[in-house]
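Structure, as structure tokens:
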Amino acid sequence: MLTTTFNTYTSASLSGQIAWGGGTGTWSVSGSVNSPQIAALVIGAGVDPATNPFGGTGKMVRLCTEKFNNGRTKAYLNLMSTGQWVTASAGGRTVLETRIKVFLPAAQALPSGFGIMISKSASETSGGFVISAQSGEISLLNGGHVPANRTPTGFIVPLGQWNDFVYRWNVATGLGELRVNGPLVATHQTTLFGTVYASNLLAVTDATPDALNAFGYFDNFTISAELPTPLCPADRNGDGSVDATDLASVLAGWGGPAGDVNNDGTTDGTDLAALLGAWGSCGG
């Protein structure tokens, strides 16, 4: 549906900027922020002192936290009324996959978090994830963005550097999967599913901000409709069991992507261990 580095965007608010043609693919932004901040701002690398020491090229989106406790700012594309999801999901592609790079500066004073929120409809949250701007711990979302709707994964990413996230949400079943810098780190079952409205760039405010603001940076954004994850990834030839044929496939692909079981881009000892651990009938 969309892949963008934001490099072609205007250095201004993300609101109203065009993502795809036809007059319907424009970004929307929601949230009230402290003046003179902008909720979602397209900036160039090095423009903001927070990112300048840590690299980054081209343009990116800077999200600012909302000015109310338990508030949120978000930036999103409407996938429902524009018909983008209906077209892209044809042929059983029931998984909305969101890929994003996120940079959170260290030592931010305002308790807050940043991540991706999946909306079932214009008023309903399904799944997603939030990274704590104070600790780097990742929590999964289910039914909302406030702390009561978050489940900590125990997985922590370093602050002050870019990290890669892939969140896959099955619209038909509500199953969510999160990969961080390659490997799968968490799965969860969401309670609201069946349709999809948007994948949102998200900032959450977890305390009364007063004049404080916190910032998160987003780049290399991709949303696509994908096939569900196979029930048994170790079954390389899809015959319903993990056996010597699959072992041979992994060994033949050693060092490259051909025998990759855990989808981290390479075939190594981790994949061999996953295959041996799944030995036998899939699901048995």
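Okay, residues lined up against (1) polar (S, T, N, Q); (2) within 19 Å of the chain's Cα centre (by Cα); (3) modelled with pLDDT of 90 or more; (4) at negative phi:
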residue	(1), (2), (3), (4)
Gly46	no, no, no, no
Gly56	no, yes, no, no
Val61	no, yes, yes, yes
Glu66	no, no, yes, yes
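For region 197-252, a tally of residues being of a type in the set (S, T, N, Q), in contact with a Gly (Cβ under 7 Å, 6 or more places away or on another chain) and surrounded by 21 or more Cβ atoms within 10 Å (Cβ to Cβ) returns 1. Among the residues that make up region 126-136, is at least one of them closer than 13 Å to Val171 by Cβ and within 14 Å of the chain's Cα centre (by Cα)? Scanning region 126-136 turns up at least one residue that is closer than 13 Å to Val171 by Cβ and within 14 Å of the chain's Cα centre (by Cα).
Evaluated against (1) at pLDDT below 95; (2) out of contact with any Lys or Arg (no Cβ under 9 Å at 6 or more places or on another chain), Ser13 falls short on exactly one condition, (1).
Is it the case that Ala278 is of a type in the set (A, V, I, L, M, F, W, C), closer than 24 Å to Phe165 by Cβ and surrounded by 13 or more Cβ atoms within 10 Å (Cβ to Cβ)?
For Ala278, the condition - of a type in the set (A, V, I, L, M, F, W, C), closer than 24 Å to Phe165 by Cβ and surrounded by 13 or more Cβ atoms within 10 Å (Cβ to Cβ) - is not met.
Within region 238-258, residues that are at pLDDT below 90 sit with their Cβ atoms under 9 Å from residues that are β-branched (Val, Ile, Thr) and part of a helix (DSSP H, G or I), at 6+ positions apart or across chains, in these pairs: Asp239/Thr245; Ala258/Val250. Residues of region 225-239 being hydrophobic (A, V, I, L, M, F, W, C) and under 13 Å from Asn263 (Cα atoms), which ones? The answer is Cys232, Ala234.
Matching residues to (1) under 22 Å from Ala211 (Cα atoms); (2) touching a Cys at 6+ places or on another chain (Cβ under 7 Å); (3) among the β-branched types (Val, Ile, Thr):
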residue	(1), (2), (3)
Glu97	no, no, no
Ala106	yes, no, no
Glu124	no, no, no
Gln134	yes, no, no
Ile138	no, no, yes
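Pairing residues of region 128-149 that are of a type outside the set (Asp, Glu) with residues that are part of a helix (DSSP H, G or I), at Cβ distances under 8 Å and at least 6 apart in sequence or on separate chains, gives Leu141/Asn149; Asn142/Asn149; Gly143/Asn149. When Ile138, Ile156 are screened for being farther than 22 Å from Phe6 by Cα and in contact with an Asp or Glu (Cβ under 7 Å, 6 or more places away or on another chain), only Ile156 passes. Would you mind stating whether Val185 is touching a strand residue (DSSP E or B) at 6+ places or on another chain (Cβ under 8 Å), among the β-branched types (Val, Ile, Thr) and at pLDDT below 95? Yes, satisfied. Scanning region 136-151 for residues that are under 23 Å from Thr229 (Cβ atoms) and either exposed (fewer than 15 other Cβ atoms within 10 Å of the Cβ) or among the acidic types (Asp, Glu) (or both) returns a single hit, Thr151.
Would you mind stating whether Val166 is more than 23 Å from Thr205 (Cβ to Cβ), part of a strand (DSSP E or B), touching a strand residue (DSSP E or B) at 6+ places or on another chain (Cβ under 8 Å) and modelled with pLDDT under 95?
Criteria not met by Val166.
Selection within region 84-133: residues that are aliphatic (A, V, I, L, M) and touching a Pro at 6+ places or on another chain (Cβ under 7 Å). The member of this set that is surrounded by the fewest Cβ atoms within 10 Å (Cβ to Cβ) is Leu110. When we screen Ser32, Ser112, Ser28 for residues that are at pLDDT 95 or above, under 19 Å from Thr222 (Cα atoms) and polar (S, T, N, Q), the only hit is Ser28.
The values are calculated or read from the model by the stated rules, or taken from the named source; none is laboratory data. Keep in mind that this is a model prediction, so the values were computed, not measured. Here the Cβ is made from the backbone with ideal geometry for all residues, glycine too, and neighbour counts use every protein chain on show.
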